[in-house]
1. With the crude spin-label approximation of a point 7 Å out along Cα→Cβ, what separation in nm comes out for A54 versus R24?
2. Using the Karplus curve 6.51 cos²θ - 1.76 cosθ + 1.60 with θ = phi - 60°, what ³J(HN,Hα) values do you get for each residue of the stretch 22-37, in whole Hz, with x for Gly and Pro?
3. Find how many whole Å separate the alpha carbon centroid of the stretch 75-107 from the alpha carbon centroid of the stretch 1-52.
4. Only Lys, Arg, Asp and Glu count, each charged at its Cβ (+1, +1, -1, -1), so figure out the dipole size of the chain about its Cα centre, rounded to 20 debye.
5. Name the residues whose placed amide hydrogens come within less than 5 Å of the amide hydrogen of G105, ignoring near sequence neighbours (fewer than 5 apart) on the same chain.
6. Using the per-residue mean of other Cβ atoms lying within 10 Å as a proxy for protection, in what order, highest first, do the peptides 38-45, 68-75, 95-102 fall?
7. Which entries in the list K23/K47; K19/K106; K47/K91; K19/K91; K65/K93 go over 18 Å, if you measure between the two C-alpha atoms of each?
8. Using only alpha carbon pairs under 8 Å that are at least six residues apart, calculate the relative contact order of the chain and give it in whole percent.
Amino acid sequence: MHYTPVLTSLGYTPNDALKAQVKRCIEEAGLSVPDLDKIAELNEEIKTMGGYVALSNSEDVFKIKCETSDITALKEFNLAVYNWGQENGFKVKKLDGKEVFYITGKDE
């Protein structure tokens, strides 16, 4: 598979280590190439709320994070992530006490 497009769309400069991590994320969560496009689309959608999608530093998952203190933007962000997951069949897990979600898989 070719992982350069998703890495570029998430703001990374592709290299072998990042491509290997994307591969592990895909395998771990049971994702496909079309799913990567949906992840890239979410990244664009949540930018206006202070959010972004990135590769986790601690686990082989995509994380969805918001770095704003604006209460309204945080509510919009959480709703956007929840709706995106529901509409596209993704399982997202919110981390306790943080404005961070992990994409853990696909609904069956």
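Every number here is computed from the coordinates shown, using simple stated rules; none is lab data. Please read all numbers here as calculations on a predicted model, not as lab measurements. Note that we place each Cβ from the backbone using ideal geometry, even for glycine, and neighbour counts take in every protein chain shown.
1. 1.7
2. Rounded to whole hertz, the list is 4, 4, 5, 4, 4, 5, 5, 9, x, 8, 10, 4, x, 5, 4, 4.
3. The stretch 1-52 and the stretch 75-107 have Cα centres spaced 15 Å from each other.
4. With Lys and Arg at +1 and Asp and Glu at -1, about 160 debye.
5. K91
6. 38-45, 95-102, 68-75
7. Table pairs above 18 Å Cα-Cα are K23/K47; K19/K106; K47/K91; K19/K91.
8. 23
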